[in-house]
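Beneath this line is the structure, given in structure tokens, with notes to follow.
The values are calculated or read from the model by the stated rules, or taken from the named source; none is laboratory data. Worth saying up front: this structure is predicted, and the values here are computed from it rather than measured. Glycine gets a Cβ as well: all are built from the backbone with ideal geometry, and neighbour counts include every protein chain shown. All accessible areas refer to the heavy atoms of the entire protein, side chains included, with ligands and DNA or RNA removed. Shrake-Rupley method; radii C 1.70, N 1.55, O 1.52, S 1.80 Å.
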Amino acid sequence: MKTPHIYRTEAVVLRQRKLGEADKILTLYSPNLGKFDAVAKGVRRLKSRKAGHVELLSHTALLISHGRSLDIITQSEGIQPFPALRESLERISRAIYIAELVDRFTEERIENYPLYGLLLETLCRLSERDDLDLVSRYFELHLLAFTGYQPQLSVCTACRAPLAPVLNYFSPAAGGILCSACRLSETSPRALTVNALKVMRRLQSSSFTDASRLRLSTSLLSEIEEHLRIYIRFVLEREVRSLDYIQSVRHSLPAAESVVLAARVVS
Amino acid sequence: MPNTTAAAPVAHLIDEFNKLPGIGPKSAQRLAYFILRVPDDEAEALAQAILDVKRLIVLCSTCQNLTDIDPCSICRNESRDRTTICVVEEPLNILAIERTRSFKGLYHVLHGVMSPMDGIGPDDLKVRQLETRLNAHAVIEVILATNPTLEGDNTAMYLERLIAPLGVRVTRLARGLPIGADLEFADEMTLTRAFEGRREA
């Protein structure tokens, strides 16, 4: 379908870079056009009317016209600026990470409507909820599913036998779990505890409402985080830069009051 | 686009001008031909000014501002309030604030803003130098004047958490409507902040 000379779309602003004296090129993620770039003219000027509506990580409604090389944003109206994200380093660092993941996992102009929905929901959850790590892990597993990289968590990827409730192994190269018999085929798959596997399956197959009822210990969340970090690193073949920021905020600058739930161990 | 019809030195000059921000091929050509027409000593003065700026301008060891003398004229000005430091992203921000003549303290220039996605962290900016200053001198207040963008807010929050344990008062510039703005076009966050910061009429 030939896109018309002027078109409307909503989008989330994933990235931006400066252009010339007063402009910015925005990387936008939209429900029907997927990821695309567009120029926001004059937004670096103080009196810009557009600037506040096309802020990084905001959800905005755009009127765009086709330019010779890049499309140009002619009008913008903020839908959700997610102000709560700017209230804590814990929220903002994870929101930046989410945006980077969407950017790295998607190609230009390929529609992925479920991913767009997930992105918006996750930004809302990061704004409103306190279980930020759970929100992040849920996002990662569903991002992987929506982009075709869902890890196999039900059966052993090598022998296809159903997994027993014992220690198993997570292998990025195998795309999922290896049972203890098959794990010798790979050099160093990481051990995955029974509880971590159960929780990951639950996160993968549940709605967020169900998943959010889980009360996970910090050690369990950390284990899952580490497995997913390694898997995503393997899939992308590059580091996710903003992950370092989350870590440095966590370790060097903890908040006076922790926003991460760390209650009872999951049974 | 190299200009193949002009003589090589002129073509080189056009290429160099083309590299400057906001200068496209046509402007670069106009500037090059202008240089050809002015007296020799004017062209030399321009060349010398460019060389001097690179050679003589350094970063102030205290506040990281661009200066030809170290410490810079603001840092060595005895009448300024040494207990307040205003942190900005770029040296041009200092020019803007100084024009208001309403701030009497000292500055600190970060030379950028944090951007985790692009791998720009505190070590890529002049953050350690700020910490050193705060440990060395008695500072009562640090005003975080990074831009009111997401990256600016992120940087400000990071610095706040870094600095607060030192017992310094950390503040952020107010938000609101710029003079000459139209309420109709204002975005949600700007309007909310403007309401929060309202004062007696």
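Can you give the charge dipole size of chain A about its Cα centre, rounded to the nearest 20 debye, using +1 on the beta carbon of Lys and Arg and -1 on the beta carbon of Asp and Glu? All intermediate terms of the calculation are to be shown ahead of the outcome.
Working: 36 positive and 29 negative charges, 67 e Å.
It comes to approximately 320 debye.
For the range A:1-81, relative contact order (Cα pairs under 8 Å, six or more residues apart, normalised by length) works out to 30 percent.
Between 0 and 90 degrees, the angle of helix B:150-163 with respect to the longest Cα principal axis of chain B falls at about 50 degrees. Direction-averaged projected area, Cα convex hull, the range A:38-160: 9.9 nm², rounded to one decimal.
Candidates A:P81, A:L115, A:F234 compared by Cα position along the dipole of chain A: farthest toward the positive end lies A:P81, with charges placed on Cβ.
The accessible surface of the protein assembly as shown, taken with every protein chain in place and a 1.4 Å probe, is 54 percent carbon and sulfur.
Stretching the chain fully between B:E44 and B:L183 yields a gain of 45.0 nm (0.36 nm per residue, less the alpha carbon separation). Put a plus charge on the Cβ of each Lys and Arg, a minus charge on the Cβ of each Asp and Glu, and nothing anywhere else: the dipole of the range B:1-105 about its Cα centre is then about 360 debye. Residue-normalised convex hull volume from the C-alpha trace of the range B:26-87: 131 Å³ per residue.
Within chain A, the longest segment free of exposed loop sites, counting trypsin sites (Lys or Arg not before Pro) that fall outside DSSP classes H, G, I, E and B and have at most 12 other Cβ atoms within 10 Å, spans A:161-212. Ordered from longest to shortest, the equivalent ellipsoid semi-axes for the range B:1-156 are 39, 20, 13 Å, each the square root of 5 times a Cα gyration tensor eigenvalue.
Could you tell me the ratio Rg/Rh of chain A? Both radii from Cα atoms, Rh via Kirkwood.
Here Rg/Rh amounts to 1.02.
When the accessible areas of A alone and B alone are added and the area of the pair subtracted, with a 1.4 Å probe, the result is around 2600 Å², both sides summed. Above 16 Å, the calculated P(r) of the range B:80-197 contains 63 percent of its Cα-Cα pairs. Quantify how much of the Cα-Cα distance distribution of the protein assembly as shown extends past 41 Å, in percent. Taking all Cα-Cα pairs of the protein assembly as shown, the fraction more than 41 Å apart is 32 percent.
With an 8 Å cut-off on Cα pairs and a minimum separation of 6 or more residues, tell me the relative contact order of chain A in percent.
For chain A, the relative contact order is 15 percent.
In chain B, the sites counted are GluC sites (Glu not before Pro) in DSSP loop states with at most 15 other Cβ atoms within 10 Å, and the longest stretch holding none of them, exclusive of the sites, is B:79-199. Averaging 1/r over each pair of different alpha-carbon atoms in the range A:36-87 and inverting the result gives 11.7 Å, the Kirkwood hydrodynamic radius.
Using the alpha-carbon centroid of each, what span in Å lies between the range A:2-32 and the range B:153-185? The range A:2-32 and the range B:153-185 have Cα centres spaced 27 Å from each other.
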